[in-house]
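Have a look at the structure below, then the notes.
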Amino acid sequence: MDLIKKEILLQRYTSAAELTAADRTLLNAAKDAIQLAYAPYSAFYVGCALLLANGEIIKGSNQENIAFPSGLCAERVAIFYAGSTYPGVTIVSMAITVKATEQVVAEPAMSCGACLQSISEYEMRQKQPIRTILQGEIGDIYISEIGTRSFLPFQFEMESLKR
Ligand code: THU
């Protein structure tokens, strides 16, 4: 037996003032998207913004449903919209931020496994990771330059399905 070790590095910034103007704009777009979330059941509002290579910014927010599993996370709302509206246009970066009614979220909320899996498919298709910028309602900002690889280091690869 031996151990397989993967090292994951995330950039951490203590304030939005340290970010590039483009990243700050994207994070602000994600914060704007929170206003359009529909989350009456969880009271946890998630905003996601994507920067496309054509300069377009796409926003998505979580959309819940009384039949709970029928709702969808902000990341998938945004990325599926991008994929269906701008097919073939590279998604350069993604910002995700949250706000909750009952507590102040001071840590970034990591994307759920289903969102990571969906996002990773787009990374594989475009052969480029999607830089990811994460922040809670307040607090430190994390950036992954290698996209979902930071959070799903052992991914299910398309190669695994090839016959
Ligand atoms: N949620 C997201 O929008 N993104 C995630 O990656 C995790 C969870 C939403 C789903 C649900 O509306 C609420 O947050 C609470 O789970």
Residues being open to solvent by less than 10 Å² (accessible area, probe 1.4 Å) and without any contact (Cβ under 8 Å) to a residue 40 or more places away in the chain - total across the stretch 12-57
1
For the stretch 144-163, give me each residue that is in contact with an Asp or Glu (Cβ under 9 Å, 6 or more places away or on another chain) and of a type in the set (D, E, K, R).
R149
Of everything in the stretch 62-88 that's part of a loop (DSSP other than H, G, I, E, B) and within 14 Å of the chain's Cα centre (by Cα), which residue is surrounded by the most Cβ atoms within 10 Å (Cβ to Cβ)?
N62
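When you check M110 against the structure, is it within 19 Å of S144 (Cα to Cα), part of a strand (DSSP E or B) and touching a residue at least 12 places away in the same chain (Cβ under 8 Å), yes or no? Explain how you work it out, then say what you get.
Values: within 19 Å of S144 (Cα to Cα): yes; part of a strand (DSSP E or B): no; touching a residue at least 12 places away in the same chain (Cβ under 8 Å): yes.
So M110 does not fit the description; no.
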Of the residues that sit in the stretch 32-46 and are more than 10 Å from the ligand (Cβ to nearest atom) and more than 10 Å from N62 (Cα to Cα), which one is nearest to the chain's Cα centre (by Cα)?
D32
With the checklist (1) of a type in the set (A, V, I, L, M); (2) within 11 Å of the ligand (Cβ to nearest atom); (3) farther than 21 Å from N28 by Cα in hand, flag the one item V89 doesn't pass.
(2)
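Quick one: is I58 assigned to a strand (DSSP E or B) and either under 20 Å from I119 (Cβ atoms) or polar (S, T, N, Q) (or both)? Steps first, answer last, please.
Working: assigned to a strand (DSSP E or B): yes; either under 20 Å from I119 (Cβ atoms) or polar (S, T, N, Q) (or both): yes.
It is true that I58 is assigned to a strand (DSSP E or B) and either under 20 Å from I119 (Cβ atoms) or polar (S, T, N, Q) (or both).
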With at positive phi and at pLDDT 95 or above as the only criterion, which of A43, A29 stands out?
A43
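Table: residues versus (1) crowded, with 18+ Cβ neighbours inside 10 Å; (2) within 16 Å of the ligand (Cβ to nearest atom); (3) closer than 18 Å to L10 by Cβ.
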{"position": "A100", "(1), (2), (3)": "no, yes, no"}
{"position": "S111", "(1), (2), (3)": "yes, yes, yes"}
{"position": "C115", "(1), (2), (3)": "yes, yes, yes"}
{"position": "R125", "(1), (2), (3)": "no, no, no"}
{"position": "P129", "(1), (2), (3)": "yes, no, yes"}
{"position": "D140", "(1), (2), (3)": "no, no, yes"}
{"position": "I143", "(1), (2), (3)": "yes, no, yes"}
{"position": "M158", "(1), (2), (3)": "no, no, no"}
{"position": "L161", "(1), (2), (3)": "no, no, no"}
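The values are calculated or read from the model by the stated rules, or taken from the named source; none is laboratory data. Given the structure is predicted, the values throughout are model-derived calculations rather than measurements. Please note: Cβ atoms are built from the backbone with ideal geometry, for glycine as well, and neighbour counts cover all protein chains shown. The area values use the complete protein model at the heavy-atom level, side chains included, leaving out ligands, DNA and RNA. Shrake-Rupley method; radii C 1.70, N 1.55, O 1.52, S 1.80 Å.
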